[in-house]
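Bear in mind that the values in this text are calculations on the coordinates, not laboratory data. Every value quoted in this text rests on a predicted model; they were computed, and no experiment measured them. FYI the Cβ positions are ideal-geometry reconstructions off the backbone, even for glycines, and counts take in every protein chain you see.
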Amino acid sequence: MKKIKLIVFLGLVTLVLTGCGNSNGDAKTLTCTNTTENDGIERKEDIVMTFAEDKISNIKLSVDSKVKDDVAKENWDLFVAMMESQFVETEEDGFTLTTDNDEKNYTFKVTLDIDPAVAREDVFSTYGLASLGNFNSTYDEIIAAGEDAGFTCK
């Protein structure tokens, strides 16, 4: 697994976290997805943002990694150790990080559930998600940024 992909993903998350809601104030959900494969590992990234009263009220990010080739399967324990060292399960005010290791099916999932109104800024810094506080991006700008980064947003 390449660290560059993780950096790109976390960069998009940072961009998403600086956004606000849509222009009409109605509750909306925006889902951005991207699937890539590299070094025998397929990665599906999902970002689901809920907008309420013109602001993001919840962000759920998940990365599902599935090993597809035998060489990568032979190194499963190393992959899991690397993922668990980078993504330690955490539950703090407004921020939950969970992992799920399905060794039978060679899948590893990381999920971040964030309430931007409650989560402390230092928590975002810990996970490379600093830059909260701008809240100037519109719903459409977030879609454009996600699609520029290779995501499909609906």
Computed from the beta carbon distance with a Förster radius of 30 Å, FRET efficiency for residue 121 and residue 38 to the nearest 0.05 stands at 0.40
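Net charge near residue 84, counting Lys/Arg +1 and Asp/Glu -1 over other residues with Cβ under 14 Å of its Cβ?
On the way: positive: 109; negative: 77, 89, 100, 102, 103.
Counting the neighbours of residue 84, the net charge comes to -4.
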Pseudo-spin-label distance residue 105 to residue 58, built 7 Å along Cα→Cβ, given in nm, is 2.3 nm
